[in-house]
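Novice: Okay, handing you the structure first.
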Amino acid sequence: MDFSRVGAALEKRGYTVAQFPTKEAAAAYLNERIDGTSVGFGGSVTLREMGLFASLSAHNKVCSHWNVPEGRSAAEMLDEAAKTEVYLTSVNGLAETGELINIDGTGNRLSGTLYGHKRVYFVVGRNKLAPTYDEALWRARNIAGPKNAQRLGRRTPCALKADRCYDCSSPERICRALTVLWEKVISCDMEVVLIDEDLGY
């Protein structure tokens, strides 16, 4: 896939951009860049598919509520991940014009990409791209949302029907907050790692 348009748009908005043909190449790059520090993970199927928790844990302190050590709780891991130097997550939609879109239920991924870390990495497979902001937002709500609700076993209309967002009022709803990054925030360094493979939802 040609990432030149989105890469240029992201750089214009203040992000550092790295591009890789495979998840293995991207994982090797991140393992080289992130070393001897504390790392927080947002819930991300993309990061899981890349095996980054295991590889980064070999030479960093990694906090992930999807990987809870014995005797600890997911809530404790969420708190620790919020205080790390580096934060990793993906996006639910990335417009080729440069807007990054995420939807969350707990809010940890959203807050982790806005403030509190020295560096934030967005790790993004080609399937997350959409030509425009409106299409990226549509993707986040109507593709990523239902798939994540299904993954979590939620009884929401989008999970049960697997077709679109119903903007429901279900108590099991996972789409409770949305962020749009129009440009890199001032408070930290941000890098978007683009991968020419389908990863995550």
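Novice: Return the residues of region 49-64 that are more than 16 Å from Thr113 (Cα to Cα) and either of a type in the set (A, V, I, L, M) or touching a strand residue (DSSP E or B) at 6+ places or on another chain (Cβ under 9 Å) (or both); say none if nothing qualifies. Step through it out loud before you land on a result.
Specialist: Of region 49-64, the ones more than 16 Å from Thr113 (Cα to Cα) are 49-62.
The answer is Glu49, Met50, Leu52, Phe53, Ala54, Leu56, Ser57, Ala58, Asn60, Lys61, Val62.
Novice: Cβ contacts < 7 Å: first residue touching a residue at least 40 places away in the same chain (Cβ under 8 Å) and on the phi < 0 side of the Ramachandran plot, restricted to region 99-114; second residue part of a loop (DSSP other than H, G, I, E, B) and among the aliphatic types (A, V, I, L, M), any location; separation 6+ or different chain. Result?
Specialist: Sorted first by the residue in region 99-114, then by its partner, the pairs are Leu100/Val91; Ile101/Val91; Asn102/Val91; Gly105/Ile174; Asn108/Ala82; Gly112/Ala82; Leu114/Val185.
Novice: Could you list, in sequence order, all residues of region 79-98 that are charged (D, E, K, R), out of contact with any strand residue (DSSP E or B) (no Cβ under 7 Å at 6 or more places or on another chain) and in contact (Cβ under 8 Å) with a residue 40 or more places away in the chain? Steps first, answer last, please.
Specialist: In the first step, residues of region 79-98 are kept if they are charged (D, E, K, R); the result is 79-80, 83, 85, 96.
Filter again for out of contact with any strand residue (DSSP E or B) (no Cβ under 7 Å at 6 or more places or on another chain), leaving 79, 83.
The one that is charged (D, E, K, R), out of contact with any strand residue (DSSP E or B) (no Cβ under 7 Å at 6 or more places or on another chain) and in contact (Cβ under 8 Å) with a residue 40 or more places away in the chain: Lys83.
Novice: For region 147-201: of the residues being outside any strand (DSSP E or B) and β-branched (Val, Ile, Thr), which is nearest to Gly105 (Cα to Cα)?
Specialist: Just the residues of region 147-201 that are outside any strand (DSSP E or B), to begin with: 147-176, 182-188, 196-201.
Filter once more, keeping what is β-branched (Val, Ile, Thr): 156, 174, 185-186.
Values: Thr156: 13, Ile174: 4, Val185: 22, Ile186: 25 Å.
Within region 147-201, the match that is nearest to Gly105 (Cα to Cα) is Ile174.
Novice: With without any contact (Cβ under 8 Å) to a residue 12 or more places away in the chain and either buried (at least 21 other Cβ atoms within 10 Å of the Cβ) or among the hydrophobic types (A, V, I, L, M, F, W, C) (or both) as the only criterion, which of Ile195, Ile143, Ile174, Ile186 stands out? Step through it out loud before you land on a result.
Specialist: Details: Ile195 fails: without any contact (Cβ under 8 Å) to a residue 12 or more places away in the chain; Ile143 fails: without any contact (Cβ under 8 Å) to a residue 12 or more places away in the chain; Ile174 fails: without any contact (Cβ under 8 Å) to a residue 12 or more places away in the chain.
Answer to the selection: Ile186.
Novice: For residues that are of a type outside the set (Ser, Thr, Tyr) and assigned to a helix (DSSP H, G or I), tally how many sit in region 1-19. Talk me through it step by step, then tell me what you get.
Specialist: First pass over region 1-19, keeping only residues of a type outside the set (Ser, Thr, Tyr): 1-3, 5-14, 17-19.
When the remaining residues are screened for being assigned to a helix (DSSP H, G or I), the result is 5-12.
Qualifying residue count for the region: 8.
Novice: Say we look at region 115-138 and pick out the residues that are farther than 26 Å from Ala25 by Cα and part of a helix (DSSP H, G or I); which of these is nearest to the chain's Cα centre (by Cα)? Lay out the reasoning, then the answer.
Specialist: Here is the first cut: in region 115-138, the residues farther than 26 Å from Ala25 by Cα are 115-116, 132-135, 137-138.
Next cut, part of a helix (DSSP H, G or I) only: 133-135, 137-138.
Values: Tyr133: 17, Asp134: 19, Glu135: 18, Leu137: 14, Trp138: 17 Å.
Residue satisfying both the conditions and the ranking: Leu137.
Novice: Filter region 1-23 down to residues that are in contact (Cβ under 8 Å) with a residue 24 or more places away in the chain and charged (D, E, K, R), then give me how many there are.
Specialist: Of region 1-23, the ones in contact (Cβ under 8 Å) with a residue 24 or more places away in the chain are 1, 3, 5-7, 9-10, 12-23.
Subsequent filtering for residues that are charged (D, E, K, R) retains 5, 12-13, 23.
Number of matching residues: 4.
Novice: Still on this structure, I have one more. Does Leu181 meet the test of being under 17 Å from the mean Cα position of the chain (by Cα), within 23 Å of Phe20 (Cα to Cα) and buried (at least 17 other Cβ atoms within 10 Å of the Cβ)?
Specialist: For Leu181, the condition - under 17 Å from the mean Cα position of the chain (by Cα), within 23 Å of Phe20 (Cα to Cα) and buried (at least 17 other Cβ atoms within 10 Å of the Cβ) - is met.
Novice: Looking only at residues that are of a type in the set (Gly, Ala, Ser) and buried (at least 21 other Cβ atoms within 10 Å of the Cβ) in region 50-91, which one is nearest to the chain's Cα centre (by Cα)? Talk me through it step by step, then tell me what you get.
Specialist: Step one: filter region 50-91 for residues of a type in the set (Gly, Ala, Ser), giving 51, 54-55, 57-58, 64, 71, 73-75, 81-82, 90.
Retained after the next criterion (residues that are buried (at least 21 other Cβ atoms within 10 Å of the Cβ)): 64, 81, 90.
Working: Ser64: 13, Ala81: 14, Ser90: 2 Å.
Result: Ser90.
Coordinate-derived values only; no laboratory data. This is a predicted model, so every value here is computed, not measured. Reconstructed Cβ throughout: ideal geometry from the backbone, glycine too, with neighbour counts over all protein chains shown.
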